[in-house]
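This report concerns only the one structure given below.
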Amino acid sequence: MIMNRDKISKETANLKRIGKKIVFTNGCFDLLHEGHKNLLKASSSYGDILIVGLNSDSSVKKLKGNKRPIQKANDRKLALLNTGFVDRVHIFRSDTPLELIALIRPDILVKGGDYIPEDVVGHKEVLDSGGEVKIVPITPGFSTTSIIEKMQ
């Protein structure tokens, strides 16, 4: 379930060789909501293949606290793939997807929210390899934390 470096490198190289434009975004995607879907839809519009880096359960717990994730990594992965916007999901254990980004070398790196391109993990690697960084505005009123708070 956790990323296979050799497989990812070979698959990405094959996709690039046949001229596919690769887009990458990442996150926890714990409770998939409209904000997530808008980010994924926008991301998929920037290229041919959308790859999502998904934080592992241990990574989410470290970033979000002991009560997270709500859903296990495999369930979150399937939910992402079922949106119709995502082509591949790779689960990573580290705090950031930097190693995954370095393996994939996407043409477009996308992040949602209040980021500026210089603050996005992997921006330097993507720009150095001729790619772009795009920021998709957040969808107001949607956050996993607020959904959890309402449920409680």
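Looking at segment 30-56, which of the residues that are in contact (Cβ under 8 Å) with a residue 40 or more places away in the chain and in contact with a Leu (Cβ under 6 Å, 6 or more places away or on another chain) is farthest from His123 (Cα to Cα)?
Ser44
Specify the residue that is farthest from Arg5 (Cα to Cα); the eligible residues are those in segment 102-130 that are touching a Lys or Arg at 6+ places or on another chain (Cβ under 7 Å) and either part of a loop (DSSP other than H, G, I, E, B) or among the basic types (Lys, Arg) (or both).
Val120
Quick check, is Lys10 within 18 Å of Ser129 (Cβ to Cβ) and without any contact (Cβ under 8 Å) to a residue 24 or more places away in the chain?
Working: within 18 Å of Ser129 (Cβ to Cβ): yes; without any contact (Cβ under 8 Å) to a residue 24 or more places away in the chain: yes.
Yes, satisfied.
Would you pick out the residues in segment 4-27 that are basic (Lys, Arg) and either modelled with pLDDT of 95 or more or surrounded by 15 or more Cβ atoms within 10 Å (Cβ to Cβ) (or both)?
Kept after step one, since they are basic (Lys, Arg), are these residues of segment 4-27: 5, 7, 10, 16-17, 20-21.
Across segment 4-27, the qualifying residues are Lys16, Arg17, Lys20, Lys21.
Yes or no: Ile116 at pLDDT below 95, out of contact with any Leu (no Cβ under 7 Å at 6 or more places or on another chain) and of a type in the set (A, V, I, L, M, F, W, C)?
Numbers: at pLDDT below 95: yes; out of contact with any Leu (no Cβ under 7 Å at 6 or more places or on another chain): yes; of a type in the set (A, V, I, L, M, F, W, C): yes.
Yes.
For segment 44-58, check the following and say yes or no: at least one residue is farther than 23 Å from Glu11 by Cα and not hydrophobic (A, V, I, L, M, F, W, C).
Residues of segment 44-58 farther than 23 Å from Glu11 by Cα: 57-58.
Now drop any that are not not hydrophobic (A, V, I, L, M, F, W, C), which leaves 57-58.
The answer is yes; a qualifying residue exists.
Which numbered condition in (1) free of Cβ contacts under 8 Å to residues at least 40 places away in the same chain; (2) crowded, with 19+ Cβ neighbours inside 10 Å; (3) of a type in the set (A, V, I, L, M, F, W, C) is the only one that Leu98 fails?
In the conditions (1) free of Cβ contacts under 8 Å to residues at least 40 places away in the same chain; (2) crowded, with 19+ Cβ neighbours inside 10 Å; (3) of a type in the set (A, V, I, L, M, F, W, C), Leu98 misses (2) alone.
The values are calculated or read from the model by the stated rules, or taken from the named source; none is laboratory data. These numbers were taken from a predicted model, which means no experiment stands behind them. Note that each Cβ is placed from the backbone with ideal geometry, even for glycine, and that neighbours are counted across all protein chains shown.
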